[in-house]
Amino acid sequence: MKDFLRKKKKTLNSESSLNVKDICAFWDIPLREAQLLGKCSSYEEAGKKLLMSGTISEENYLRKISTLYNIPFVLLNEDQLKSPPELNIDPQIMRAKKFVIFGEENGALQLAVADPTDFYSVEYVFRKTNKKVKLFISTEERIESALNRLYGKEQTEQEYTSSNELDNVEALIDMASEAPIIRLVNMLISRAVENNASDIHIEPFENEVKVRYRIDGVLREVESLSKHILPAVVSRVKIMARLDIANRRVPQDGRIKTKVGGREIDIRVATLPTIYGEQVVMRLLDKEKEEWDVHKIGFSEKDKQKFLNLISVSHGIILVTGPTGSGKTTTLYSALKILNRPEVKIITIEDPVEYVIPGIVQIQVNPQAGLTFASGLRSIVRQDPDIIMVGEIRDKETADIAIHAALTGHLVLSTLHTNDAASAATRLIDMGVENFLVASSLIGIVAQRLVRTICPKCKDKIEIPTEVSKKFGLNGIVYKGKGCSFCKGSGYFGRTAIYEILIVDEEIRKAILSSADSETIKKIAKNQGMKTLIENGIEKVKEGITTLEEVMRVAHRV
């Protein structure tokens with residue numbers, strides 16, 4: 001079987017760098033299109049760039065790729081689909097792995113795959129059936145459509161799908177594969193990367209579709225699209241994220257890996273049905289901007305030393321708290337970067353795994369498969385780790401296992417959704433964890449928020465009213481960005497974090513044991529020198545890093 005797989009790849013990519021004429025001839029494109037590609041070491045690399053730019057369709061791409069791999073392309077039309085033999089292969093596995101068995105000829109199963117290098121699926125079918133396999137290439141959408149016709153839709157789809165749904169899906173596939181739609185989606189992603197956006201929101205309303213970028217934590221509208229192209233745009237994103245294009249009634253989550261301007265970008269995709277159509281949110285994770293450096297994430301010198309002392313402890317729980325999008329994961333990854341040494345075993349369980357860290361065992365939760373934070377953490381403890389990172393403590397079961405791990409000699413890092421550091425202890429107790437367990441396992445809590453930093457190009461001094469200056473202990477002069485082309489008129493560029501770090505000492509342990517409320521715990525911590533979020537923010541205002549308005553925007557309720 002392995003020999004069979006090896007023979008299937010007939011590569012034409014032996015050249016170290018192809019010339020433009022060769023690329024034009026192979027891909028049937030004008031010279032001007034090829035000149036924009038830059039250097040390409042293979043026809044396949046050139047084809048991927050042409051596909052991303054919308055110059056060629058996915059079908060044309062795969063037709064040409066089929067010649068590179070010496071695997072025939074198949075449209076999977078109605079007349080090509082034959083009733084396959086009874087096989088011991090679940091159609092759900094075919095859906096997940098993007099392949100379809102669409103017939104049998106001369107004793108060989110006819111297998112279509114979307115990825116010509118997916119020889120694992122071929123070997124899987126061979127081992128499960130002990131039959132010969134004849135390999136074909138087709139598009140993901142045609143494979144999905146063939147699966148629906150041969151094996152039927154999943155039960156949830158059968159309940160709600162109308163008789164003409166397949167025709168609608170085919171129309172969506174055709175629309176999503178058109179060059180203008182491909183170019184539009186690629187343009188939205190590339191512009192977001194150029195503007196340092198963290199998220200792209202595609203939002204349908206009654207008469208229009210708004211596209212907004214989240215830049216430095218604030219949403220900005222950048223585009224208004226015609227309502228009639230929404231299905232095609234959403235379908236294109238779903239195709240890229242390998243989501244179910246036919247399922248438009250339930251939320252879906254997926255992932256896209258792509259390159260923009262030579263930079264490797266991971267995109268987390270989440271769709272949500274609304275009354276006006278499907279909404280899409282894409283979270284951009286720029287691998288080349290990974291900055292998990294404890295010296296660069298906003299700690300003051302005093303707080304940085306506190307944090308470094310905390311993570312040097314051999315066992316106990318350290319919690320990082322704050323709302324979604326407050327930079328908790330970056331802080332945890334900064335700690336893991338310091339702790340990651342050959343002699344230390346670190347295991348994480350996350351939802352999702354945002355960045356891959358070499359040398360660390362990382363697990364992604366999968367509730368559908370029964371892998372939750374609680375069940376995963378229970379298994380992790382049996383893997384002999386030194387340090388455990390839990391993406392979030394969401395329930396009593398996870399909290400109990402994390403505390404047990406901390407009390408048996410592990411350092412546990414995790415996050416919790418609370419407004420401030422002092423509330424973290426009472427939140428665990430509210431979940432049902434015993435006071436004495438919280439008091440004996442918890443060693444430190446870091447609360448944080450992200451604030452926008454003043455644009456360095458248009459930064460200027462301004463005077464503030466005397467009463468405001470007195471209230472916040474300022475000297476009457478602060479800095480503010482006037483707005484320029486560099487910061488797109490916002491006056492801000494980039495973000496940093498403001499922190500409060502609560503060290504759990506004997507006095508705070510006694511307060512937790514006596515069921516003290518969060519205000520009492522906060523008062524004790526402040527008396528011991530803890531700077532609150534607002535106080536830490538004011539320090540950054542004095543240093544000219546951010547503005548008073550920005551600190552109050554993110555922390556005024558704390």
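The values are calculated or read from the model by the stated rules, or taken from the named source; none is laboratory data. All of these numbers come straight from a predicted model, not from anything done at the bench. Quick reminder, even Gly has a Cβ in these numbers, built from the backbone with ideal geometry, and neighbours come from all protein chains shown. Accessible surface is based on the protein model in full, side chains and every heavy atom, while ligands, DNA and RNA are left aside. Shrake-Rupley method; radii C 1.70, N 1.55, O 1.52, S 1.80 Å.
Taking the Cβ of Lys82 as the centre, find all other residues whose Cβ is under 15 Å away and add up their charges (Lys, Arg: +1; Asp, Glu: -1).
-2
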Inset, instruction - Could you give the spread of the C-alpha atoms of the range 72-155 along their three principal axes, from largest to smallest, in whole angstroms? - result: 28, 27, 24
Inset, instruction - Just add up the charged neighbours of Tyr276: K/R +1, D/E -1, any other residue whose Cβ is under 10 Å from the Cβ of Tyr276. - result: -3
Inset, instruction - Sort Arg263, Arg452, Arg242, Arg127 by accessible area with a 1.4 Å probe, largest first. - result: Arg127, Arg242, Arg263, Arg452
Inset, instruction - Provide the per-residue ³J(HN,Hα) series for the range 216-230, in order, calculated from phi with Karplus coefficients 6.51, -1.76, 1.60 and θ = phi - 60°, each as a whole number of Hz, with x at glycine and proline positions. - result: 6, x, 10, 6, 10, 6, 10, 7, 10, 9, 5, 4, 6, 9, 4
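May I ask you to give the percent of accessible area on the chain that is carbon plus sulfur, with a probe radius of 1.4 Å? Working shown, then result.
On the way: 13080 of 26750 Å².
Roughly 49 percent of what the probe reaches on the chain is carbon or sulfur.
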Inset, instruction - Give a residue-ordered list of calculated ³J(HN,Hα) values for the range 543-551 (Karplus: 6.51 cos²θ - 1.76 cosθ + 1.60, θ = phi - 60°; whole Hz; x for Gly, Pro). - result: 7, x, 8, 9, 10, 4, 4, 5, 4
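Tell me, what does the Kirkwood hydrodynamic radius of the range 255-326 come to in angstroms if you use every pair of distinct C-alpha atoms? Show your work: numbers first, answer last.
Details: mean 1/r = 0.0623 Å⁻¹.
Hydrodynamic radius (Kirkwood, Cα pairs) of the range 255-326 is 16.1 Å.
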Legend entry - Cysteines, the chain, no other Cys beta-carbon under 4.7 Å: Cys24, Cys40
Inset, instruction - Would you mind working out the magnitude of the charge dipole of the range 435-558 relative to its Cα centre, with +1 at each Lys and Arg C-beta and -1 at each Asp and Glu C-beta, to the nearest 20 Debye? - result: 540
Inset, instruction - Report the label-to-label distance for Gln80 and Gln368 in nanometres (one decimal), using points 7 Å from each Cα along the Cα→Cβ vector. - result: 2.7
Inset, instruction - Whole number in Å², please: accessible area per residue of the chain, 1.4 Å probe, ligands, DNA and RNA not counted. - result: 48
Inset, instruction - Determine the sum of side-chain charges near Gly481: Lys and Arg each +1, Asp and Glu each -1, restricted to other residues whose C-beta is under 12 angstrom from that of Gly481. - result: +3
Legend entry - the range 282-379: equivalent-ellipsoid semi-axes (sqrt of 5 x gyration tensor eigenvalues, Cα, Å): 23, 18, 14
Inset, instruction - Show His228, His410 ordered by accessible area, largest first, where the area counts protein heavy atoms only and the probe is 1.4 Å. - result: His228, His410
Inset, instruction - For the range 470-530, restrict the atom set to alpha-carbon positions and state the Rg and Dmax in Å. - result: 19.3, 56
Inset, instruction - Have a look at the DSSP beta bridges in the chain and tell me what percent are antiparallel, nearest 5. - result: 65
Legend entry - Computed over the range 413-558, Kirkwood Rh from alpha-carbon pairs, angstrom: 16.8
Inset, instruction - Along Cα→Cβ, 7 Å out, is where each label goes; now give me the distance between the ones at Ile503 and Met552 in nm to one decimal. - result: 3.3
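Provide Rg over Rh for the chain; use the alpha carbon set for both Rg and the Kirkwood Rh (inverse mean inverse pair distance). All intermediate terms of the calculation are to be shown ahead of the outcome.
Values: Rg = 27.6 Å, Rh = 27.0 Å.
Taking Rg over the Kirkwood Rh, I get 1.02.
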